[in-house]
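Bear in mind these aren't lab numbers, they're just calculated from the coordinates by the rules spelled out. What you see is a predicted model, and the numbers here were worked out from it, not measured in a lab. When we count neighbours, we look across all protein chains shown, and the Cβ atoms used for this are built from the backbone with ideal geometry, even at glycine.
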Amino acid sequence: MSLNEEKEKFTKPPMLSSMRVLDLADEKGALCGKILGDLGADVIKVERPSGDCARRIGPFYGCSPDPEKSLHWSAFNNSKRGMTLNLETGEGQEIFKKLSSRADVVVESFSPGHMKSLGLGYEELSALNSRLIMTSITPVGQTGPRRNDKASDITLMAMSGLMSITGDPDKPPLRMSMDQSYSLGGVHAVVGTLLALWHRRASGEGQHVDVSIYECVVRGNYWEPSRWEFLKTLPKRMGNQFARVRAAGRQLWRCKDGYVTWLLMGGDSGARLTKAFVDWMDETGQAGIMKGIDWETVHVSQASQEELRGWEEIMGKFLQEKTLDEIEAQAFRRGIPMARVNEADGVARDGQLAFRGYWKDLPLAEPGKTIRCPGFPFLSSEGDTRTTRSAPRIGQHNAEIYGKELGLTDEHISGLRKRGVL
C-alpha cells in the first residue's frame, strides 16, 4: 500500500465532531483539551484577557520571550480555538454560563472551590445544563485533608515515589524529564471524560470528573508498591540496572556512535533471544564462554552478580565495535529486541513516523513560519484523529464566538472589551 493510499484509508469524519469543550485548564491540564481536540471536538480555550500564564513558559520561537511565541503553548494547545474572558467579573460569569449551557464538557484546573466561588461550580453549571461534564484536574484532588495544597511537577514526582527509584544509586533522586506528571494527569483526564460521555449516552446525565495528578503519578510506579506489600523491601535507585532476584542486569550499552538498549533474559523466549545474540557474536569469534552455555537451562534471574558481569563484559565489548545502523540491521534480521537510544533529531527523522504522517507542520503566529508538531498516537479506520489547527493567538476567535455564535453586536463586544470583560 502506498503512502497516499495509507493516508486515504484514514480520511474519515472526526470521532468527536459533535462535542464542544470549554477549556479553562492551565499547563496542568492543557493536554486533556488538546487530545479531545485531536479527536475532533470543538475545543475552545478560554483565557484571561491578558492571555494564559502558560504562554510564558519557554522555550520560545527565535529565543524571543513573547506570549505568542511559546513553543510549550504551541505544543499543548493546538487543535483548539481561542477566546478571552474575565471570569472574575459578573458579566464574564454570565457569558460563561451561557457558553456552558451549550457545551458538553468543561475542563478546569483551578484550586478546589475556586469555580464555586465564582458561581461557576459543577452544581451551578449542571443546574443550567444537566448533561454537562466538568473535568477538574488538580494536584491532589477535590477532597481530602491536602486538597488545597499547591504542587509543581517535581513536587508531585517526589510525593509519588517515582523520584526515589530514578537516578544512580550514589546520587540524589531525579525527576522524569519535564512535567511528566502533568501529561499523566491530562491523559487520565481524557479517559475520565470519555467514560463520562459514554455514561451520559445511557443515562442522559452529566457528572463531575475529579482527577488527582498525584494519584495518576502514583500509578506510574511499576512494581515497587506490590514489592513492598509482599516482600517488605524498598527498591533503590539503580541507574542503568534492572533488578533481578540475586543481581542487577545492565540495560544500556555503548556502541561506536551512541547507545542501544538490551537486557539479557531467561525463560523459554529469553533463551531463544539470548542464543540469537550469542550466535551473532560467535560468527566473529567473540562469544567467549557464552558460546558453550545451554541457555535453555540457565535461569538468568538466579545468576550471581559475578556471573552476570562476566557475560555483560563480553557483550559490551562486542557492541562497542558496532555502529547503530549495524546493530539495528542485525537485530532486526535475527529477531533480537535491541533498539537504538534515539535523541530528538533521530526521532524527528524516523521513517516509520514519517510514513504514517505522524508529524504535522502547523503555522506559527509569525507569518510564513511553521512548527513541526507530533500527531495523534493512533489511527482509526472509522474516525479521523489528527491535529486540526495551530494553537490560538490571544483572543483569536473572539469575533467568531461572541459575534456569530453568541449573537453579540459589535457595539456590545466593544463595550465588554472596554470594561475588561474580554
- the range 238-346, convex hull of Cα, quarter of hull surface, nm² -> 6.8
- Treat each spin label as a single point 7 Å out from the Cα along the C-beta direction, and report the Val218 to Glu91 distance in nm. 4.6
- Run through all the Cα pairs of the range 57-115 and give the fraction in each 5 Å bin from 0, expressed as whole percent. 4, 14, 16, 20, 17, 16, 9, 4, 0
- Item | Convex hull per residue volume in Å³, alpha carbons only, for the range 175-245 | 135
- Quick calc: nm separation of the 7 Å Cα→Cβ label points for Glu366 and Ser414 -> 3.5
- Efficiency by 1/(1 + (r/R0)^6): what FRET value for Asp268 and Phe230, r their Cβ-Cβ distance, R0 = 25 Å, to the nearest 0.05? 0.50
- Neighbour-count ranking for Ser304, Ser74, Ser181 (other C-beta within 10 angstrom, fewest to most) reads Ser304, Ser74, Ser181
- Query: Per the helix-only calculation at 222 nm, which mean residue ellipticity applies to the chain, given -39500 (n - 2.57) for every DSSP H run of n ≥ 4 and division by its residues, nearest 500 deg cm²/dmol?
  - Reply: -10500 deg cm²/dmol
- Query: If one computes the Cα centroid of the range 114-143 and of the range 392-414, what distance in Å separates the two points?
  - Reply: 25
- Message: What number does the range 1-141 give for Rg over Rh if you use C-alpha atoms and the Kirkwood radius?
- Response: 1.04
- Message: What are the extents of the Cα atoms of the range 86-192 along their three principal axes, in Å, largest first?
- Response: 57, 25, 24
- Task: Note down the Stokes-Einstein diffusion coefficient of the range 325-422 in µm²/s, whole number, using a Kirkwood radius over alpha carbon pairs, 10 °C, and 1.306 mPa s.
- Result: 88
- Rounded to one decimal in nm, the spacing of the 7 Å Cα→Cβ label points at Gln330 and Leu353 is 2.7
- Taking the highest mean first, how do the peptides 286-296, 78-88 order by number of other beta carbon atoms within 10 angstrom per residue? 78-88, 286-296
- Item | Stretchable slack from Ser130 to Ile293, in nm (0.36 nm times residue separation minus alpha-carbon distance) | 51.9 nm
- Message: Going 7 Å from the Cα of Asp282 along its beta-carbon direction, which residues of the range 301-324 have the amide nitrogen within less than 20 Å of the resulting point?
- Response: 308, 310-319
- Item | the chain, Rg to Rh (Cα coordinates; Rh as Kirkwood inverse mean 1/r) | 1.05
